[in-house]
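Here is the structure we will look at, set down as C-alpha cells.
Only the coordinates and a few stated rules stand behind these numbers; no lab work does. These numbers were taken from a predicted model, which means no experiment stands behind them. When we count neighbours, we look across all protein chains shown, and the Cβ atoms used for this are built from the backbone with ideal geometry, even at glycine.
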Amino acid sequence: MLDRRTILLALLATPALGVAAAAVPPAGVFIGDLADRALATLGNRSLSVEARDAEFRRLFVANFAVPRIGRFVLGRYWRQASPAEQREYLKLFTDYIVAIYVDRLSKYSGLKVRVLGTRPASGGGVFVETEVVQPGATKPAAVAWRVEGEPGAYQIVDVVIEGVSMAITERQEFGSVIANNGGNVGALLAALRQRIAASAQR
C-alpha cells in the first residue's frame, strides 16, 4: 500500500487520464500537463540521478507556491525565526522534498491519474479533483489539488489525499520537532539537514 506522500510524488510522474481535453477546466489541464511533463523527464532512464533531481526541483519550484507553503508549514515559528533562518529554512524545505522523495518516483509505476473536474476552494482558488488508480487496488484514491492563480500562472498551494492535507501534515510534523526542542527553529533546520544528508547517502 502506498503512503500519501508517495501518491503525491507519483502523481508528478504519471500522465493524467480522463475526460476529453476540451471538457477539462483550465486548472485541470494545468495539473494534467504537469504530470505529463514530469513523466517525460523523470521516466527517462537515460538521465542521471542528478538530472532527475534537477528537473524535479524545477517542476516543484515552478508549479508549487514554495515560499507560501513553506511559511504555512512552519506556522507560528516563522515569525520567531531570524531572517537568516527563514532563508535557510525555505532552501532546506525545497531540498528536503527533492532529496527525500525523488528516488521514490522511479520505484512506483503503473499509477494512473484521472482528472474529474474542479470545485471552488474556501478562501480562493479551486480544487482540481482527481482519482489515482493503482494496479491491483480495489478502488482509486481521491486526490484534490488546491490551485490558485490564473491560466498561465497557476500554482499549487496544497494537495489533499483522501481528505488529508499534505501541508497540514508537514506543519504538524515540523511543529513537533520544534516544540520538542524548546521552540528552537534551529533544531528543525538541523533535522532537515540530517534527513537530506541521509537521503544523499542511499
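With the largest listed first and rounded to whole Å, the semi-axes of the equivalent ellipsoid of region 63-202 from the Cα gyration tensor are 29, 20, 14. The packing ranking, built from the mean of other Cβ atoms within 10 Å per residue, places the peptides 89-96, 45-52 in the order 89-96, 45-52, highest first. Inter-label distance, ARG57 to ALA142: 3.7 nm, where each label sits 7 Å from its Cα along the C-beta direction. Between VAL133 and ARG114, the simple spin-label model (points 7 angstrom out along Cα→Cβ) gives 0.6 nm.
Amide H contacts under 5 Å for SER165: none, restricted to partners 5 or more places along the chain or on a different chain, H placed in the peptide plane at 1.01 Å from N.
Between GLN194 and GLU150, residue separation times 0.36 nm minus the direct Cα-Cα distance comes to 12.1 nm. Using the Karplus relation 6.51 cos²θ - 1.76 cosθ + 1.60 with θ = phi - 60°, the per-residue 3J(HN,Hα) values for region 184-194 come to 8, 5, x, 5, 5, 4, 5, 5, 5, 4, 5 Hz, with x marking Gly and Pro. Label-to-label distance for GLN80 and SER46 is 5.1 nm, based on points extended 7 Å past Cα in the beta-carbon direction.
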